[in-house]
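This report concerns only the one structure given below.
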Amino acid sequence: MPLEPSATPEQISARQQAFDNQPDPATLVSREEIRAALLDRHTAATQDKLDAAHVAICGCGGLGSTIAVALTRIGVGHLHLIDFDRVDMTNLNRQQYFLKDLGQYKTEALRSNLRQINPFTDITIDTVKVTDENVPTLFENESIICEAFDVPENKTMLVNAVLENLPDK
């Protein structure tokens, strides 16, 4: 049984206003400050590898959103968020979203939240359902794919589709 929203029009408007009025995080910190903080934790060689990493996260729910936050915090340079769902009230107890995110696509809300951690992470989003047909194009630029789906059949489909599309060596 789907959850029926109980928000009033005023609450929905307040959520949209909170979403629309966030400060641009890039105005709050410089790329150099972020890099210096990361270098305090890693060697320059390690950070250079993290900067160059391209990671796709398939599913932006409990596991995927948490992975994305952790990768952003350690300084991974390029994230690709893939999910088709929207944030709802039942997500807030276990996923990396806030009240202001309710009703937003998970990919868009998560990108906004990740920019509050590091506004200089390159984040690509695809608000689609992963299928056998779109795997080759979705992951053509990714060297690491994190599978974070809820449904076991979707996990199997992704693994099989990725294996079928690996370049011959």
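Which one of these does T27 not meet: (1) within 30 Å of V135 (Cβ to Cβ); (2) out of contact with any His (no Cβ under 9 Å at 6 or more places or on another chain)?
Failed condition: (1).
Go through the range 126-147 and count every residue that is surrounded by 12 or more Cβ atoms within 10 Å (Cβ to Cβ) and either acidic (D, E) or out of contact with any Lys or Arg (no Cβ under 9 Å at 6 or more places or on another chain) (or both).
Here the count works out to 15.
Please pick out the residue among L38, L81 that is touching a Cys at 6+ places or on another chain (Cβ under 6 Å) and surrounded by 13 or more Cβ atoms within 10 Å (Cβ to Cβ).
L81
State yes or no: is N141 of a type outside the set (V, I, T) and over 24 Å from V159 (Cβ atoms)?
No, not satisfied.
For the subset of the range 99-125 comprising residues that are of a type in the set (S, T, Y) and in contact with a Ser or Thr (Cβ under 7 Å, 6 or more places away or on another chain), which member is surrounded by the most Cβ atoms within 10 Å (Cβ to Cβ)?
Of the residues in the range 99-125, the ones of a type in the set (S, T, Y) are 105, 107, 112, 121, 124.
Then keep just the ones that are in contact with a Ser or Thr (Cβ under 7 Å, 6 or more places away or on another chain); that gives 105, 107, 121.
Values: Y105: 18, T107: 24, T121: 20.
Only one residue fits best here, namely T107.
Taking into account only those residues within the range 8-26 that are without any contact (Cβ under 8 Å) to a residue 12 or more places away in the chain and within 23 Å of I123 (Cβ to Cβ), which is surrounded by the most Cβ atoms within 10 Å (Cβ to Cβ)?
Here is the first cut: in the range 8-26, the ones without any contact (Cβ under 8 Å) to a residue 12 or more places away in the chain are 8-11, 13-14, 16-17, 20-21, 23.
With the extra rule that they be within 23 Å of I123 (Cβ to Cβ), the set shrinks to 16, 20-21, 23.
Values: Q16: 14, D20: 8, N21: 8, P23: 8.
Step by step, filter the range 8-26, then rank; the result is Q16.
Just need a number here: residues in the range 70-83 that are farther than 19 Å from I34 by Cβ, assigned to a strand (DSSP E or B) and in contact with a helix residue (DSSP H, G or I) (Cβ under 7 Å, 6 or more places away or on another chain).
Total meeting the criteria: 2.
A56 passes all but one of (1) surrounded by 12 or more Cβ atoms within 10 Å (Cβ to Cβ); (2) of a type outside the set (F, W, Y); (3) under 30 Å from M157 (Cα atoms); (4) modelled with pLDDT under 95; which number fails?
(4)
Within the range 34-54, is there a residue that is assigned to a strand (DSSP E or B) and within 28 Å of E140 (Cα to Cα)? Give the steps one after another, and end with the answer.
Step one: list which residues in the range 34-54 are assigned to a strand (DSSP E or B), which gives 54.
Subsequent filtering for residues that are within 28 Å of E140 (Cα to Cα) retains 54.
The answer is yes; a qualifying residue exists.
Return a yes/no flag: does the range 85-92 have any residue that is touching a Ser or Thr at 6+ places or on another chain (Cβ under 7 Å), more than 18 Å from D126 (Cα to Cα) and in contact (Cβ under 8 Å) with a residue 12 or more places away in the chain.
The answer is no, given that none of the residues of the range 85-92 is touching a Ser or Thr at 6+ places or on another chain (Cβ under 7 Å), more than 18 Å from D126 (Cα to Cα) and in contact (Cβ under 8 Å) with a residue 12 or more places away in the chain.
Do we have T27 as hydroxyl-bearing (S, T, Y), over 22 Å from the mean Cα position of the chain (by Cα) and farther than 29 Å from D88 by Cβ here?
no
Which one is farthest from R31 (Cα to Cα) among residues in the range 84-131 that are hydroxyl-bearing (S, T, Y) and not in a loop (DSSP other than H, G, I, E, B)? Working first, answer last.
From the range 84-131, those hydroxyl-bearing (S, T, Y) are 90, 97, 105, 107, 112, 121, 124, 127, 131; that's our starting set.
Those still in the list that are not in a loop (DSSP other than H, G, I, E, B) too: 90, 105, 107, 112, 124.
Working: T90: 35, Y105: 27, T107: 23, S112: 17, T124: 19 Å.
Of everything passing the filter in the range 84-131, T90 is farthest from R31 (Cα to Cα).
The values are calculated or read from the model by the stated rules, or taken from the named source; none is laboratory data. Just so it is clear, the structure is predicted and the values come from calculations on it, not from any experiment. Note: ideal-geometry Cβ built from the backbone for every residue, glycine included; neighbour counts use all protein chains shown.
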